[in-house]
Amino acid sequence: MPALKRQRIRDPVHNLIPFGTDQFEHTLWQVIQTPPFQRLRRIRQLGFSEFVFPGATHTRFAHSIGVFHTARQLMRVIHDHIGADRTRQFGEHQAQVALAASLVHDIGHGMFSHAFEAVGKDLNLPMARHEAVSERLIRDSEIAGALNRTLGGGFANDVATLIGRKEPGNLYDAVVSSQFDADRLDYMQRDRLMTGVQSSGIDLTWLLANLEIASVRTGADEERSGEVETLVLGPKAALTAESYVLSLFHLYPNVYFHKTTRGAEAVFGALMRRLIRLVREGHTGNVGLPANHPILRFAQEPERLENATALDDLVFWGALPMLAEAEDQAIAGRANELRDRRLPECIDIRGMVEAALVRRNDEARASHRARLDLACANIVKSLRDWLVGLPGAVEPVLIDRQSRSPYKRYQDSDTPLNSILIKPAGMPAADMAELSPVIAGAEPFEICRAYISRGDSDARSQVENTIRTEIGRSTHGNP
């Protein structure tokens, strides 16, 4: 048998990412060569963000390889700590399953990733969920063949099971799925670099150098239901960990929740919802696509895996000129907005409400925030009720309401494996929110926006009148 060849990938974030000559890493190199993995070259990591940040054209292919590289660094920390203790044994199989999962964790993403997933949620399309597609591909595609051929018959199923879990099940899983996992550690660095934003930097070298393993209690309050080993950070990395959490949090207002990006996602969602509904009603001739087009095949049979995996960003961009000439004016209008970057105007509902509902002197901060949240919820409900009653196909107002918490405490999670734990000198590990007043006091970042087509004065009036009405009610109705 010829010697296995060492492979390397040059990466803008991590420099050289090597794949060794051992059987395991050679197998992962073979996974990269499969069509399902190569498909990730055609799906951009940040979807429509290049409308704002022209350099943000990096792909889920590059990100996935970067996640594997980072996971391997984390796993070496685990290996070194366990290897230094002769009473324990490193879980080689569990580690390999986690590393393989880190490489293929995004394999099921559809075109424009989360924007497509939102369409699937609106229309109840299971194959638009990337977790469902990932599990199917890992168990049944060429990926399964590559993994099982050399790593054992049940290896691919073990990888799919790990990815399908909502919470990490053990120390090794936490490398792939937690609040301090390889996924976040890669995309934070990669997205920051490719968008060009100067904030949100992290000191990964120092974090890794201060990473340890400790046993922490599982169970609530004083009940000691057991212990679990997990990754913890030493006391010297406490401030660096705090910076890590805040850096991730700041990426949301600066990049992921940028109003223009979200506006483009809203247009894409409106276009796809209209197209799929027309196809379901039998009006395929009105959408502008030929009968064998991948988007049309998915709209006709969205439950088929091969129809979901036939979609990627390039398929959509290639279809855009045809969609822009569709007989259906709603589809044509949305397609032209995306093609020409003539995106809808944004009305910041949350911003207007915050400016009007000033916090009263005797009002607690939490109560004031609840009052703002309720006002936004009422405005959104009123606008959606109005939209339901409108005739015609065009959605004159696209609503975008999202929330992002800076950190999920252990008490809000099912396991400490999902938390970021700090181990002060001579003391047991504790959730960082208990040690950092900055993290403990950080409030969720909320957006509540309406998007209206440029020049649509009727839609603008409806939105602004709805906001004014709710502000008046909130101001005078709650003395």
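Rule-based calculations on the coordinates, nothing more; no lab input. What you see is a predicted model; the values in this text were computed from it and never measured. Neighbour counts are summed over all protein chains in view; Cβ atoms, including those assigned to glycine, are modelled from backbone coordinates with ideal geometry.
Tabulated values for the structure
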quantity	calculated
Cα gyration tensor shape for the chain, rounded if a/c is under 1.5, else prolate or oblate	oblate
P(r) histogram, all alpha-carbon pairs of segment 1-196 included - 5 Å bins from 0, percent	1, 8, 15, 19, 21, 17, 10, 5, 2, 1, 0
Packing-based exposure ordering (other Cβ within 10 Å, fewest first) of MET352, MET427	MET427, MET352
Cα gyration tensor shape for segment 152-240, rounded if a/c is under 1.5, else prolate or oblate	oblate
The chain: relative contact order as a whole-number percent, Cα under 8 Å and 6+ apart	15 percent
Residue pairs, from the table LYS166/LYS423; LYS121/LYS381; LYS5/LYS423; LYS259/LYS381, whose Cα atoms sit over 30 Å apart	LYS5/LYS423
